């Protein structure tokens, strides 16, 4: 069950006009946090992300299932089911099944939530997209930041460029 704070942060993102994937990111962040604090583990970073997305859909985030061909048929069916269960009047997972799932996750390790594993997953995901797609995503993200947010990001980018030029 997602934490109340994660749901509130996702609702805030929704009010700010951010995309469903950004809203779902709050649940993924929470899942990574659970693994790091030892509540349970995950077999891979991909699994940890999938758990977060599933929780987001069940919490009512309108995150569409993956398109045909981009994932397995079972993954898409599960995402559709989660989306339906997240809608008002949806059903919840039985207590026995939830307990069995948690039991299985508790037997997994916590290497999936290390900074190195997350960085590796991020790079692998970025490699799947073209430079134009990455650029368009950055532009779209900048639109919801507001003037102060854009200014802060620009300052940080300038600092990064300066640090890289000086070799530090």
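A quick yes/no check of all residues on (1) out of contact with any strand residue (DSSP E or B) (no Cβ under 8 Å at 6 or more places or on another chain); (2) more than 29 Å from residue 15 (Cα to Cα); (3) in contact (Cβ under 8 Å) with a residue 60 or more places away in the chain:
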| residue | (1), (2), (3) |
| --- | --- |
| 118 | yes, no, yes |
| 126 | yes, no, no |
| 130 | yes, yes, no |
| 145 | yes, no, no |
| 148 | yes, no, no |
The condition from (1) under 16 Å from the mean Cα position of the chain (by Cα); (2) in a helix (DSSP H, G or I) that residue 85 misses is numbered (1)
Number of positions in the stretch 62-82 that are in contact (Cβ under 8 Å) with a residue 12 or more places away in the chain and in a loop (DSSP other than H, G, I, E, B): 5
Output the number of the condition that residue 132 fails; it satisfies all remaining conditions of (1) surrounded by 12 or more Cβ atoms within 10 Å (Cβ to Cβ); (2) closer than 24 Å to residue 17 by Cα; (3) at pLDDT 95 or above. (1)
Of the residues that sit in the stretch 139-151 and are in a helix (DSSP H, G or I) and surrounded by 10 or more Cβ atoms within 10 Å (Cβ to Cβ), which one is farthest from the chain's Cα centre (by Cα)? 151
Quick one: is residue 55 at pLDDT below 95, closer than 15 Å to residue 78 by Cβ and either under 9 Å from the mean Cα position of the chain (by Cα) or assigned to a helix (DSSP H, G or I) (or both)? yes
Within the stretch 49-61, can one find any residue that is surrounded by fewer than 11 Cβ atoms within 10 Å (Cβ to Cβ), under 27 Å from residue 39 (Cβ atoms) and either out of contact with any strand residue (DSSP E or B) (no Cβ under 7 Å at 6 or more places or on another chain) or touching a residue at least 12 places away in the same chain (Cβ under 8 Å) (or both)? no
For the subset of the stretch 111-121 comprising residues that are in contact with a helix residue (DSSP H, G or I) (Cβ under 9 Å, 6 or more places away or on another chain) and outside any loop (DSSP other than H, G, I, E, B), which member is nearest to residue 42 (Cα to Cα)? 112
Taking residue 154 as the residue in question, decide whether it is exposed (fewer than 12 other Cβ atoms within 10 Å of the Cβ) and under 20 Å from the mean Cα position of the chain (by Cα). no
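The values are calculated or read from the model by the stated rules, or taken from the named source; none is laboratory data. Keep in mind that what you see is a predicted model, and the values were worked out from it rather than measured. Cβ sites come from the backbone with ideal geometry, for glycine too, and all protein chains shown count toward neighbours.
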